[in-house]
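Comments concern the structure below.
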Amino acid sequence: MKTIRTLILLFGFIAGIQTIGLSQCKTFTKNDCKPKLDPYIYNGQLNSAVLNEGDFAELMLTFYSNQDYRIVVCAADELGKVVFRLVDTEGQVVFTNEDHGMIDYWDFRTKSTQQLVIEVSVPESTKEGELAKSGCVSILVGFLDNQ
Amino acid sequence: MKYIKIAVLFGLYFNLFGCINKSDSTKKEVVTIDFDKETDQEKTVKKIFFNLPSPIEITQTILATKSPFNNELPNSATNVTNYSSSSDLALNFGVYGADLCYCRVYDQLQSSISYLAAIRKITVLLQIPEEEGSETINRIEENIENRDSIFQIIAETYAGADGYLKENDRDLTAALIIVGGWIEGMYIAVNLLNTQTNQSLLNNIAEQKYSYENLMSVIAEYRDNPAIAELTPYFESLQKVYAQITITHDKSVVVTDQETKVTTIENESQISITPQQLKEITNLIVEIRSKIVS
């Protein structure tokens, strides 16, 4: 009985942590990331998650032909500079911020509609014995109204 | 190096709002943990979520095809009184979201206001918190003359609702809204193509193959829900048609125009869709849409 109660408390605690994390991510995205899309129009898709040091995340997105896009990859300060790459369905890297001073956005258009995978790598800490850090990472997409 | 591979599938983050529904508290994330040893090149992988185009993007692409506005295509705003179950409300919330975008990109102000009213009604019926619903709709009404503001507000609403739904374990609602919004976007597209020969629009429909694969993942996740279960056979038929459509791409070349500073991923695509496939897609979309709005 005690074990069951402990498990229930544990699940409740984990659920609470998750909810707090998501809520904080939402606020972080709204306040710290969305402004970086300007003057592009936010497409309304909230792509955010709490990542840890050393984590690797990916998100596949569809980009329509002849539309102008901005991708913003926005990470909490405690995670440091995150690497992001855009990879086409053939596995070819079409952009990496490592070649552009670790910039946190990229503006581009695509000639044909296609899917691209956005890969995000959170650097691992080089300091031994330090607790692994975690923080929110958001991937936002904006487009220009070409009319 | 951790030997854990985590695949987090899901997060439904697209459209507007939701409803109170017991079945909403179904598992929102599928987490599989595989303790097999990875190679050094492999890293912990988190697939944050699948993605579907929002109605804003779908209607933008329709606008780019220069198709004329057809006021008979959107679901009538007066039909809002016909919906009472939480599933119907959520599905038609998606439908009206797409209709609102369709009307707004064509500057149909009066229709836009009607759809706003319909959305407001559903918001109330679904007991959406004020800060996630009505407040935003008020802002839309205040900015109805400004196209960019409208898009921004709608987009913010989507994101706000996504977060709200996720925080409150109501992913099923979000899934239903996604389905409604996608179907309505497709319904508008296939009907516009019925009245004209437009290669760009045809390509656009074929290119929904990408979205469709993700949509089917959403459908599969919630197939136990009665509303989803009723639509599933139609979606499976649609899946078979889309499986036959082929899209191939040339090698990507990234080019930056030195004058405009615009960077373009230059590659051509080859799309193969037959008239019969288009007809089957059209028929299935019309059937699914009819079930949702009637």
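The values are calculated or read from the model by the stated rules, or taken from the named source; none is laboratory data. Quick caveat, the model's predicted, so the values are computed rather than measured. For neighbour counting, all protein chains shown are included, and Cβ atoms are generated from backbone atoms with ideal geometry for every residue, glycine included.
Of the listed requirements (1) of a type in the set (S, T, N, Q); (2) buried (at least 16 other Cβ atoms within 10 Å of the Cβ); (3) modelled with pLDDT of 80 or more, B:Thr61 misses just one: (3). Evaluate region B:251-259: report whether one residue or more is acidic (Asp, Glu) and surrounded by 11 or more Cβ atoms within 10 Å (Cβ to Cβ). No, every residue in region B:251-259 fails to be acidic (Asp, Glu) and surrounded by 11 or more Cβ atoms within 10 Å (Cβ to Cβ). So if I check each of B:Gln270, B:Gln258, B:Gln208, B:Gln239, which one is of a type outside the set (Ser, Thr, Tyr) and in a loop (DSSP other than H, G, I, E, B)? After applying the criteria, what remains is B:Gln258. Taking B:Glu207 as the residue in question, decide whether it is buried (at least 16 other Cβ atoms within 10 Å of the Cβ), out of contact with any helix residue (DSSP H, G or I) (no Cβ under 7 Å at 6 or more places or on another chain) and acidic (Asp, Glu). Against the criterion (buried (at least 16 other Cβ atoms within 10 Å of the Cβ), out of contact with any helix residue (DSSP H, G or I) (no Cβ under 7 Å at 6 or more places or on another chain) and acidic (Asp, Glu)), B:Glu207 qualifies. Restricting to region B:208-238, name every residue that is at pLDDT 90 or above and more than 22 Å from B:Ala90 (Cβ to Cβ). The one that is at pLDDT 90 or above and more than 22 Å from B:Ala90 (Cβ to Cβ): B:Ser237. How many residues does region B:75-95 contain that are at pLDDT 90 or above and buried (at least 24 other Cβ atoms within 10 Å of the Cβ)? Adding up the residues that qualify gives 4. Taken as a whole, region A:76-96 holds at least one residue that is within 22 Å of A:Asp55 (Cβ to Cβ), crowded, with 19+ Cβ neighbours inside 10 Å and either of a type in the set (S, T, N, Q) or without any contact (Cβ under 8 Å) to a residue 24 or more places away in the chain (or both). Residues of region A:90-120 that are at the interface with chain B (Cβ under 7 Å from one of its Cβ atoms) and of a type in the set (Ser, Thr, Tyr): A:Thr110, A:Ser112, A:Thr113.
Only one of the listed residues (A:Thr96, A:Thr29, A:Thr113) is closer than 18 Å to B:Ile265 by Cα, modelled with pLDDT under 90 and touching a strand residue (DSSP E or B) at 6+ places or on another chain (Cβ under 9 Å). That residue is A:Thr113.
Within region A:113-134, is there a residue that is at negative phi, more than 18 Å from the chain's Cα centre (by Cα) and of a type in the set (A, V, I, L, M, F, W, C)? Spell out the reasoning first.
Taking region A:113-134 first, the residues at negative phi are A:113-128, A:130-134.
Okay, now just the ones that are also more than 18 Å from the chain's Cα centre (by Cα), so A:113-114, A:125-128, A:130-132.
Narrowing the set further to residues that are of a type in the set (A, V, I, L, M, F, W, C) leaves A:131-132.
Yes, because at least one residue in region A:113-134 is at negative phi, more than 18 Å from the chain's Cα centre (by Cα) and of a type in the set (A, V, I, L, M, F, W, C).
Could you please find all residues in region A:21-41 being of a type in the set (D, E, K, R) and either more than 10 Å from chain B (Cβ to nearest Cβ) or not in a loop (DSSP other than H, G, I, E, B) (or both)? Correct list: A:Lys26, A:Lys30, A:Asp32, A:Lys34, A:Lys36.
Checked against the criterion of being surrounded by 17 or more Cβ atoms within 10 Å (Cβ to Cβ), in a loop (DSSP other than H, G, I, E, B) and facing chain B (nearest Cβ under 10 Å), the candidates A:Gly44, A:Gly54 yield just one match: A:Gly44.
Among B:Ile271, B:Ile292, which is touching a helix residue (DSSP H, G or I) at 6+ places or on another chain (Cβ under 6 Å) and within 10 Å of chain A (Cβ to nearest Cβ)? Going through B:Ile271, B:Ile292 in turn, just one is touching a helix residue (DSSP H, G or I) at 6+ places or on another chain (Cβ under 6 Å) and within 10 Å of chain A (Cβ to nearest Cβ): B:Ile271. Summed over region A:58-84, the residues that are of a type in the set (Val, Ile, Thr) and at the interface with another protein chain (Cβ under 7 Å from one of its Cβ atoms) give a count of 1.
One line per residue, one yes/no per condition, for (1) among the hydrophobic types (A, V, I, L, M, F, W, C); (2) without any contact (Cβ under 8 Å) to a residue 60 or more places away in the chain:
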residue: B:Met186; (1), (2): yes, no
residue: B:Asn198; (1), (2): no, no
residue: B:Leu201; (1), (2): yes, no
residue: B:Ile205; (1), (2): yes, no
residue: B:Thr246; (1), (2): no, yes
residue: B:Thr264; (1), (2): no, yes
residue: B:Ile285; (1), (2): yes, no
residue: B:Ile292; (1), (2): yes, no
